[in-house]
1. Restricting the search to segment 3-20, which residues are open to solvent by 40 Å² or more (accessible area, probe 1.4 Å) and closer than 18 Å to Leu67 by Cβ?
2. So, in segment 50-70, how many residues would count as being surrounded by fewer than 18 Cβ atoms within 10 Å (Cβ to Cβ), in a loop (DSSP other than H, G, I, E, B) and among the hydrophobic types (A, V, I, L, M, F, W, C)?
3. Looking at Ile33, Ile25 in this structure, which one is loosely packed, with under 11 Cβ neighbours inside 10 Å and within 19 Å of Asn59 (Cβ to Cβ)?
4. Going by the structure shown, is Gly57 small (Gly, Ala, Ser) and modelled with pLDDT under 95?
5. Here is a list of conditions, (1) surrounded by 15 or more Cβ atoms within 10 Å (Cβ to Cβ); (2) free of Cβ contacts under 8 Å to residues at least 40 places away in the same chain; (3) in a loop (DSSP other than H, G, I, E, B), and Val47 meets all of them except one; can you say which number that is?
Amino acid sequence: PKEALNSAGTRVELEKAEGRISRSIITPYPPGIPVICPGEAITADIVEYILQVVKAGGNVCGLGDKLEIDVVL
């Protein structure tokens with residue numbers, strides 16, 4: 001996690017983040033349990049899950065207003 005947080009990064013659209021390394025903690029509410037932490041690879045399953053939470057009206061902490069996520073360059 002420390003290496004990811006200290007690395008150069010950029011923001012990308014969530015749907016284009018698969019295979020990238022996260023620089024953020026992404027936590028959907030409900031249930032309030034992080035699904036990804038800094039240094040972890042973003043998988044297709046994680047992207048799909050987050051999009052389902054958003055479509056269902058849930059809140060996702062760690063994403064930008066336009067469903068963007070901070071990733072390592």
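The values are calculated or read from the model by the stated rules, or taken from the named source; none is laboratory data. For clarity, every value in this text was computed on a predicted model and none was experimentally measured. FYI the Cβ positions are ideal-geometry reconstructions off the backbone, even for glycines, and counts take in every protein chain you see. Please note that ligands, DNA and RNA were not included when accessible areas were found on the heavy atoms of the full protein model with its side chains. Shrake-Rupley method; radii C 1.70, N 1.55, O 1.52, S 1.80 Å.
1. Thr10, Arg11, Glu13, Glu15, Lys16, Glu18, Gly19, Arg20
2. Residues meeting the conditions: 2.
3. Exactly one of Ile33, Ile25 is loosely packed, with under 11 Cβ neighbours inside 10 Å and within 19 Å of Asn59 (Cβ to Cβ), namely Ile33.
4. Criteria met by Gly57.
5. (3)
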